[in-house]
Amino acid sequence: MRIGEFQRFFDDVKYVHLPRDENQFADALSKLAALINIPEHMDSMSICIERRSAPSYVNAIDIPEESETDPWYTAILKYTETGEYPSDLDTRGKWALRMLAAQFIKTDDGQL
């Protein structure tokens with residue numbers, strides 16, 4: 001069905017244009033919905049959305065901190081420099097680290 005064909009199921013339909021920067025939540029939900037297959041025996045699937053104090057990519061891989069003074073991006077920086085993974089990463093963690101590293105560039109002064 002096209003969007004306009006759904007109008008017959010509602011008493012009132014209102015179309016509102018939102019600029020992209022005001023529609024990030026709906027955009028993220030649509031991408032999430034496209035990635036998840038809900039089994040046929042389930043009518044719905046709940047998701048939990050939390051507000052975090054740090055960017056989500058900080059928590060994407062579970063790497064124990066090497067020291068209290070190391071920045072959060074130490075593993076990403078090391079991977080971009082040497083291609084080496086932290087010793088305790090499993091296959092999923094290695095994949096996450098590669099995906100994170102692809103989103104950063106190293107500056108001339110060695111920062112991400």
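The values are calculated or read from the model by the stated rules, or taken from the named source; none is laboratory data. In this text the structure is predicted, and so the values were computed from the model without any measurement. Here the Cβ is made from the backbone with ideal geometry for all residues, glycine too, and neighbour counts use every protein chain on show.
Would you be able to tell me the number of residues in region 96-109 that are exposed (fewer than 13 other Cβ atoms within 10 Å of the Cβ) and either of a type outside the set (A, V, I, L, M, F, W, C) or not in a loop (DSSP other than H, G, I, E, B) (or both)? Residues flagged as exposed (fewer than 13 other Cβ atoms within 10 Å of the Cβ) and either of a type outside the set (A, V, I, L, M, F, W, C) or not in a loop (DSSP other than H, G, I, E, B) (or both) within region 96-109 amount to 5.
When region 37-55 is examined, which residues are found to be farther than 29 Å from Y73 by Cβ and not polar (S, T, N, Q)? Correct list: I38, P39, E40, H41, M42, D43, M45. Taking region 10-40 as the range and being of a type in the set (D, E, K, R) and in contact with a helix residue (DSSP H, G or I) (Cβ under 8 Å, 6 or more places away or on another chain) as the test, the residues that pass are R20, D27.
Scanning region 9-36 for residues being closer than 15 Å to I47 by Cα and not in a helix (DSSP H, G or I) gives a total of 1. In summary, Q103 fulfils each of the numbered conditions (1) out of contact with any Asp or Glu (no Cβ under 9 Å at 6 or more places or on another chain); (2) at pLDDT below 80 with the single exception of condition (2).
Residues of region 68-83 include at least one that is modelled with pLDDT under 80, surrounded by 10 or more Cβ atoms within 10 Å (Cβ to Cβ) and of a type in the set (D, E).
Contact map, region 73-93: residues that are closer than 15 Å to L112 by Cβ and basic (K, R) paired with residues that are part of a loop (DSSP other than H, G, I, E, B) and at pLDDT 85 or above, Cβ distance under 9 Å, separation 6+ or inter-chain. Pairs shown: K78/E84; K78/Y85; K78/P86.
Okay, residues lined up against (1) touching a Lys or Arg at 6+ places or on another chain (Cβ under 6 Å); (2) surrounded by 10 or more Cβ atoms within 10 Å (Cβ to Cβ); (3) at pLDDT 60 or above:
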{"residue": "A28", "(1), (2), (3)": "no, yes, yes"}
{"residue": "I36", "(1), (2), (3)": "no, no, yes"}
{"residue": "M42", "(1), (2), (3)": "no, no, yes"}
{"residue": "P64", "(1), (2), (3)": "no, no, no"}
